[in-house]
1. Go through the residues of region 83-104 one by one and say whether even a single one is out of contact with any Ser or Thr (no Cβ under 9 Å at 6 or more places or on another chain), under 25 Å from Tyr42 (Cα atoms) and free of Cβ contacts under 8 Å to residues at least 24 places away in the same chain.
2. If only one of His67, His87 is at pLDDT 90 or above, more than 16 Å from the chain's Cα centre (by Cα) and exposed (fewer than 13 other Cβ atoms within 10 Å of the Cβ), which one is it?
3. From (1) touching a Phe, Trp or Tyr at 6+ places or on another chain (Cβ under 8 Å); (2) of a type in the set (D, E, K, R); (3) modelled with pLDDT under 95, pick out the condition that doesn't hold for Asp149.
4. Would you point out the residue of region 156-169, among those that are aliphatic (A, V, I, L, M) and within 10 Å of the chain's Cα centre (by Cα), that is modelled with the lowest pLDDT?
5. Considering only region 70-117, state which residues are at positive phi and touching a Pro at 6+ places or on another chain (Cβ under 7 Å).
6. Looking for something within 24 Å of Glu68 (Cβ to Cβ) and of a type in the set (A, V, I, L, M, F, W, C) - is there at least one such residue anywhere in region 156-174?
7. Out of Tyr171, Tyr191, Tyr154, which single residue is surrounded by 22 or more Cβ atoms within 10 Å (Cβ to Cβ) and either touching a Pro at 6+ places or on another chain (Cβ under 9 Å) or not basic (Lys, Arg) (or both)?
8. So which residues in region 93-133 are basic (Lys, Arg), modelled with pLDDT of 95 or more and farther than 24 Å from Tyr54 by Cβ?
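The values are calculated or read from the model by the stated rules, or taken from the named source; none is laboratory data. Not measured: the values here are computed from a predicted model. Neighbour counts run over all protein chains shown; Cβ positions are idealised from the backbone, glycine included.
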Amino acid sequence: MKAAIVFLFVVLGVVACQSEPEVSIHGHKSAIEGVPSAQSAYVMAHSNGLHTGYKLANTSEPVPQSHEEFINMANYPQTFNVWMNPHLMQQSGHRIVRIMLSQQRGLYLVNGEVAMDFPVCTGQGSKRTPTGVFSIKEKHIRHHSNLYDCPMPYFMRLTWGGIGMHVGDIYRKPASHGCIRLPRVACEPLYRALPYGSSVQIEP
């Protein structure tokens, strides 16, 4: 009986860390050992010579220059694209992250303006991601989950119960064990931009 329970636990841990073929960011390593690179999934998009965000490789889906154009795209509710304003990303001031569970998307706002719009993957079933206002308590680039025995790169802890934001597979539907997964092209700059104590608002 004990052997069966251990086996089940291991299987669940493996499933929690598996890649989604369509948007997998595994297979390439960044300069940081153990941190998956996004280059296998995303390519940089430009508009009038300016970096506007990231889109999935091998697709013709555009990434508009303005955030208003981005959210007005017909496929916005389903897109895996990451919209970014590089100028705002570099600014300081009042910073807050909004995670919208119903849309499976997140916003990073600087002084009330959208600096980044990105897809997320949140908790499902009994492991649903909690709602409310949280703050970043810890940050670890090479965080490793003891519970599921898998890497959680660029981990930003929100609760002492194990909930945080980190690089992971994105399905555009709830599929995690409670954490908020982001693509690396969104998580890494967010990790750099957010100091300890930054607010993360998780909405239904």
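1. Yes.
2. On the way: His67 fails: exposed (fewer than 13 other Cβ atoms within 10 Å of the Cβ).
None of the other options fit; the residue is His87.
3. Result: Asp149 fails condition (1) only.
4. Kept after step one, since they are aliphatic (A, V, I, L, M), are these residues of region 156-169: 156, 158, 163, 165, 167.
Of the ones still in play, those that are also within 10 Å of the chain's Cα centre (by Cα) are 165, 167.
Values: Met165: 97, Val167: 94.
The residue in question is Val167.
5. Step one: of region 70-117, the residues at positive phi are 93, 104, 111-112.
The one that is at positive phi and touching a Pro at 6+ places or on another chain (Cβ under 7 Å): Gln104.
6. Residues of region 156-174 within 24 Å of Glu68 (Cβ to Cβ): 170, 172.
If we keep only those that are of a type in the set (A, V, I, L, M, F, W, C) too, we end up with 170.
For region 156-174, residues within 24 Å of Glu68 (Cβ to Cβ) and of a type in the set (A, V, I, L, M, F, W, C): present.
7. Working: Tyr171 fails: surrounded by 22 or more Cβ atoms within 10 Å (Cβ to Cβ); Tyr191 fails: surrounded by 22 or more Cβ atoms within 10 Å (Cβ to Cβ).
Testing whether each residue is surrounded by 22 or more Cβ atoms within 10 Å (Cβ to Cβ) and either touching a Pro at 6+ places or on another chain (Cβ under 9 Å) or not basic (Lys, Arg) (or both) leaves just Tyr154.
8. Kept after step one, since they are basic (Lys, Arg), are these residues of region 93-133: 95, 98, 105, 127-128.
Still in the running and modelled with pLDDT of 95 or more: 95, 98, 105, 128.
Arg128, the sole residue that qualifies.
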